[in-house]
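Can you keep this structure in mind? I'll have questions shortly.
The values are calculated or read from the model by the stated rules, or taken from the named source; none is laboratory data. Because the structure is a prediction, the values reported are computed rather than measured. We place every Cβ from the backbone using ideal geometry, glycine too, and count neighbours over all the protein chains shown. Side chains included, ligands, DNA and RNA excluded: accessible areas come from the protein's heavy atoms. Shrake-Rupley method; radii C 1.70, N 1.55, O 1.52, S 1.80 Å.
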Amino acid sequence: MDAAEFRKRGKEMVDYVADYLEKIEKRQVFPDVEPGYLRPLVSDSAPQDPESFEDVFKDIEKIIMPGVTHWHSPYFFAYFPAASSFPALLADMLCGGIGCVGFSWAASPACTELETVMLDWLGKMVNLPEEFLAGKDGQGGGVIQGSASEATLIALLAARTKTIKQVQSKKPELTEAEIMGRLVAYASDQAHSSVERAALIGAVKIKNVPSDDTFTVSGSALKKVLDEDKAAGLIPFFFCATLGTTSCCSFDKLLELGPICNKENIWMHIDAAYAGSAFICPEFRHLLNGVEFADSFNFNPHKWLLVNFDCSAMWVKKRSDLIGAFKLEPLYLQHHHQESGNFIIYSDYYYFHWQIPLGRRFRSLKLWFVLRMYGVKGLQEHIRKHIRLSHQFEHLVLQDERFEICAEVVLGLVCFRLKGSNELNEALLKSINDAKKIHLVPCHLREKFVLRFAICSRTVESTHIKFAWQHISQLATDLLKTWERNHHQQ
């Protein structure tokens, strides 16, 4: 394909994507395929001779689309949002076109410097304390990770390295292995599974801190666990607080937890993967109060801020804590400039010291396009609209005495269920997803099987919420009739 054909085909692909997103409502939200559907539709091995773009293009609808779950459909209410917008898609196209591997300032100055500035922009939008910003001469700063899971892992590994160095400075007779065997990380019993996975990769123990009746962790609960472990000779070193848990969007009590972590010299990382985007709205910023006690903070613009995947924003108070944990500089990655004041600052922004992989894409372009073309006000309205729709759905549920709300509705997630057994609610979810008109996923809250209704699509409107509720309500009516009939027969 030469440049002339690329121009032609590129326009065709833009039209295809625009049509897909404009008409996505007409597609069935969840596919009708069985595992293994795709292999019989493609050849056993790659073609020896080139195929035409037309041949490839026609196979999109024939082979790919039948197996796509349409995350951007206004009938998709599962998981959490996957952000998307036309400005972000255009920026991603430019990112692919430039094709730099921006691991260091020297490898791509614009890639490094724009990311540093965009993370400061975003940090100011959520009113982060000044210490987390790079500014012109700050000690903190932000980085774009691939996911919140990566951010948690990076924070845990940095905390591990920092603690080992601190313990060895006081007790040089202890080996790294001896210290590692005593380290303990902590998170809420409602925390995402990626926190446990980070501890698994980091080869350290992790313990769940029990959450209360509102599914949040309090200071007293953390202190109890810490006291027990310190008495047993263990070394608490890391706590992951969650703002907006995956199951029910609950919020750990930062103002209680932060001072304890600071006093005990424990690294506090805040995972606000979904909820963090809402903090750009002043009326929800109080949910982040206590961030001043944290060592690192993360949320995903690629969930709820119209920036398509992958774009997970992470800030640290002291970037030297990350660089100190991961810095390796072979000769082939070094680049010597005149030691100007600016370069000394940007030498810290050899971003491969801040992440797991070496290579990285020019992801800050997506933030730059979206923040400029929507503006803070446009993004705030997007968040507020989703939250209004979640309260509309909550209101509809509360009007039906057969149902109950299972957790406080704060942002764009509603946890609800039929009053009755877990088996009944499992059957309801199965009938909802088998019908394939809308898509939901469940969670467990204590012993209860609960249905999650997340407002996801950029294009979702009040009419889609009403349709979803009428559909759920009708399926519940049908199910309860069958359930009662079977119960009488028994």
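Per DSSP helix of 4 or more residues, -39500 (n - 2.57); summed, then divided by the residues of the chain. What does that give at 222 nm, rounded to the nearest 500?
-14000 deg cm²/dmol
Let me ask something else about it. In percent, what relative contact order does region 379-488 have, based on Cα pairs under 8 Å that are 6 or more apart in sequence?
Value for region 379-488: 25 percent.
Can you classify region 181-235 as rounded, prolate or oblate using the Cα gyration tensor, where a ≥ b ≥ c are the square roots of its eigenvalues, rounded means a/c under 1.5, and otherwise it's prolate if a/b beats b/c and oblate if not?
The shape class here is oblate.
Please give the net charge around PRO129, taking every other residue with its beta carbon less than 9 angstrom from that of PRO129, where Lys and Arg add +1 and Asp and Glu add -1.
My count for the surroundings of PRO129 gives -2.
Find, among the trypsin sites (Lys or Arg not before Pro) in region 389-419, those assigned to loop by DSSP (not H, G, I, E, B) with at most 15 other beta-carbon atoms within 10 angstrom.
ARG402, LYS419
Let me ask another. Excluding ligands, DNA and RNA, what is the solvent-accessible area per residue of the chain at a probe of 1.4 Å, expressed in Å²?
With the other protein chains kept in place, the chain gives 47 Å² per residue.
Cβ neighbours within 10 Å, averaged per peptide: list 65-78, 212-225, 168-181 in order, most packed at the top.
65-78, 212-225, 168-181
Using the membrane-span-like helix rule (whole DSSP H runs, Cα extent along the own axis of at least 15 Å, mean Kyte-Doolittle hydropathy at least 1.0), which helices of the chain qualify?
86-98
Still on this structure, please answer the following. Nearest 5 percent is fine: what portion of the DSSP beta bridges confined to the chain is antiparallel?
Taking every DSSP beta bridge with both residues in the chain, the antiparallel ones total about 55 percent.
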